[in-house]
Every structure is written in structure tokens, then in C-alpha cells.
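The values are calculated or read from the model by the stated rules, or taken from the named source; none is laboratory data. Please read these numbers as outputs of a predicted model, since none were measured by experiment. Don't worry about glycine lacking a Cβ; one is built from the backbone with ideal geometry, like all the others, and counts go over all protein chains shown. Note: areas computed on protein heavy atoms with side chains; ligands, DNA, RNA excluded. Shrake-Rupley method; radii C 1.70, N 1.55, O 1.52, S 1.80 Å.
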Amino acid sequence: MKTKMSLLSVAILSASLSLMPAVANAALPMFAEGQQLPSLATMLERTTPAVVSVSVSGTQVSKQRVPDMFRYFFAPNAPREQIQERPFRGLGSGVIIDAKRGYIVTNNHVIDNADKILIGLHDGREFTAKLVGTDEDSDIALLQIKAEGLTGIKSADSDALRVGDFAVAIGNPFGLGQTVTSGIVSALGRSGLGIEMLENFIQTDAAINSGNSGGALVNLKGELIGINTAIVAPGGGNIGIGFAIPANMMHSLVDQIIEHGEVRRGVLGISGQELDSKLAKAFGLQTQHGAFVNEVMPDSAADKGGIKAGDIITSVNDKKIKSFQELRAKIGTLGAGTKVTLGLVRDGDQKTVKVTLGEQTDSKIAAAGGVHPMLQGATLENTKAGIEITDVKRGSPAAQSGLQKGDVIVGVNRSKITTLKALKEYLKDSEGAVALKIVRGDIALYLMLRN
């Protein structure tokens, strides 16, 4: 039986091989001698110099509470927490979006907790980068290097993307060096994945692997359409489901960081939920795409714009939305004060309203170099007591200035300062040294900041 099966297999294989030339010749177009074959090489030669490698190093701090029975065994005043510090290194990718000013975009998770960020250019040069600012909720970070001869990348309108458009991913997977993969746009407006707080992803089957984070997703013209961010990888490798932050969303966040030193997140002032089949049936709708408005906050942007509870928001700036999560991501990445046109359905009728987004009150600045160079590496947050330092990166200018986690800024020189906005305004035109009045525990002290 084994011999018969082997002979049969050989016969089938021989027949298949005899048919292959005919099938191949029928499937492939004919090219005349000397005619150039289709290739992405020319586009990539222009584009790949704008994609860089990002190497980071730092110290990861972990805390573990010491049980009272052990703490008192050593001494009554022994520390309540055991602190362990472990050095780490990481690799990722980045994209040069402004060659003149040396601005590079990457993911926040690539540089999070890093004490040193090293940029490797396509031509082999290396530079230490400054962290300009981050937005943890959308996983965007802006870096800057001082270098000549940089190549930037032009961005496309990511809102004009369609499912089926070709896409090319460029990055630094597994530290191998720059690698290019291709595919298509598999889906748009992906949200509810639990990867980030604000999700509005482009999904692609272009292979994205570890180390591609922060790299470029481009179209066939070599224009940036997204920043590669995450993959679905149950087995740890690429299975053709990758996600990128849309270029338009990235630019909105980066422009705010450059202008204000922070993301001034826009607020619509509603609470709501996804439009499911039951709600759609109850409201007599043929579609299940949109964001259902449960409540409108008094005196909010939505209230002033005429939005009412029971409305179903279906588009933002003439671009259709699929879910409340997508609406949240789009609004949350637009800056405060931005004028937005919303399409909605009310009592079965299509309506359009215009709103001016409010500003998120619990403002936070991460890596606050945009406030003052010597505050770089500190995370500042408005609180009732003042401006609290919620985190200080080890070895950063903020740490070298003497700032500690838990410090509360209550004044500058002789002026009382209790909000991030007031602190930024005061320090904007300051020259020379300034004195920060700090409350640390039960004591007040002054720390000097020098430009």
C-alpha cells in the first residue's frame, strides 16, 4: 500500500508540474525586453531616509509594600515600601515629520520611562533626542534632534483612505535594521480594542512586528498615512492584523504639543453609548453606525451647539463615524477651541450642528519641556492644592533641578501660581533664573530653575 501511494503521489506531482508553465504564463503579464518591471523601489528610496530607529535606555522602578510584621522586625521606622530599580533597554522606530526643525514622531510606549533616547538615521548617523512632549492616551510622543541634512516625509489626508488601498509599513523590527513590508488597508476606524484610551486605528495586513512601533505606514506615493502602533499576535508573531494611528490624528496632537507644550484636549460635553441593533430599531434607523447621546452636560460645547439627549451623531467634519469610541477618539485628539461640524439624526431627520470644543479641566503636561527646559522629564497636573509633580524621570533636567514626585508648585518668585496655564504664561517670557515655590510634605521651599 505504501508503494502504491508513493507511485500515485509521483504521478500527480508530475502532472501538476507539467501544467505549471501554462498556468504561470497565463497569470503573469508579458513584458518586452528592457521594459521596467513594476517596483516600489523608487518610492522607497525617497521615503526610507525619513524613518529612523529609536534606541532607549532607562531604569524601571518597582515598589513592593513591606508587611508590618517584617517592617517592625527590622525597626519601627523602617520604610513601608521596598523599592527595586532595574535598568532596561528598548528598540523602536520613528518618523521625521519636520526636517528643518528636527521633529520626530514615535509612540509613547517606545520612549516611556527612558532616561536616554538615541536616534539612528538611515545614513548611519546617531543623535541624542530631546523629548518635547507626549500624549499617553493616544500613544504619541514628539522628539527633536539637532542635525543637518535630514529627510522629512509628506503626509497624506488619512481621512480620505479607503479599505483596499495599498499600504507599506517601514520600521525597525526586532532590531534587524530598516525593513519594508506591504499590504492593504484592511479596515478603518478600529476602536474598542483596549490598546489605548483613544482609539481610531487604521488596520492593515502589512507585516508589523516588535520594533515597528513608531514607524511609518505610507501609501504608494510614499506619503505618511499612519504611525504603526500595535499588532494582534496571539502566538507572538505577525498574523496580518496590525494597527496604525492615522496621520491626521497624529498631526493634530503634535501641533498642540509644539504650540502649547501639551495636548489641550477638546471636550464635547456628552455621555453616550454605541448605537446597537436595538437602539437602531427603536429609532427607526436603517444603519447601526453612529454614537447615541445619553446626556448633554449643561453649558458644555454640545449644549451651546444645540445637541440634545437622544441624538445620534453620525459624522465629524463630514466624515462618517462608526461608533461612540471613534467619536470620542476624534474629538479627544482635536484641540480645545476647535470648531467642529457634526452630522446627527434627530427624530428620524438628518441635521447638522456646529460646535466649538471646550477644554478638558483636568489638564496634564507630560515631559514638560514645553513649559521650561529645566522641567523636562516631569509630569505636571492641576490639583486643588496647586500644580502637582506626579512623576519625575530619573536623570532628567527636572530631576537634576531637585524636583521630586509629590512636590506641589504653588508659586513662582513672589507670585502665587496654582494652575498649569498660569505657570506657562509666567515662564513663557522669563529670562535667567526663576524660583519655584514648592510644598513638599509639611514644608515649603524654593527651587531655582536656570535657562
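With each label point set 7 Å from Cα along the Cα-Cβ vector, what nm distance links Arg346 and Lys154?
For the pair Arg346/Lys154, the computed spacing is 4.2 nm.
Heavy-atom accessible area per residue, segment 189-257, 1.4 Å probe: how many Å²?
Accessible surface, normalised per residue, equals 31 Å².
Can you give the extra length, in nm with one decimal, that the chain gains between Glu425 and Gln60 once fully stretched, where that is 0.36 nm per residue apart less the Cα-Cα distance?
Full-extension gain reported as 128.1 nm.
If we restrict to alpha carbons, what Rg and Dmax does segment 96-175 come to, in Å?
Cα only, segment 96-175: 14.1, 41 Å (Rg, Dmax).
For segment 288-368, calculate the relative contact order in percent as a whole number, restricting contacts to Cα pairs under 8 Å that are 6 or more residues apart.
Averaging sequence separation for qualifying contacts and normalising by length gives 29 percent for segment 288-368.
Across segment 269-340, how large is the tail of the calculated P(r) beyond 20 Å, expressed as a percent of all Cα pairs?
Summing the P(r) of segment 269-340 above 20 Å gives 25 percent of all pairs.
Using a 1.4 angstrom probe with every protein chain in place, what is the largest-first accessible-area order of Phe127, Phe283, Phe292?
Descending order: Phe283, Phe127, Phe292.
Which value, in Å² rounded to 10, gives the accessible area of Asp303 with a 1.4 Å probe and all protein chains present?
Rounded to the nearest 10, that gives 70 Å².
Per 0.36 nm of contour for each residue apart, how much would the distance between Met43 and Asp123 grow if the chain were fully extended, relative to their Cα-Cα spacing?
27.1 nm
Using only the alpha-carbon atoms, what does segment 192-322 span along each of its principal axes? Please give whole angstrom values in decreasing order.
So the extents along the principal axes, rounded to whole Å, are 45, 40, 28.
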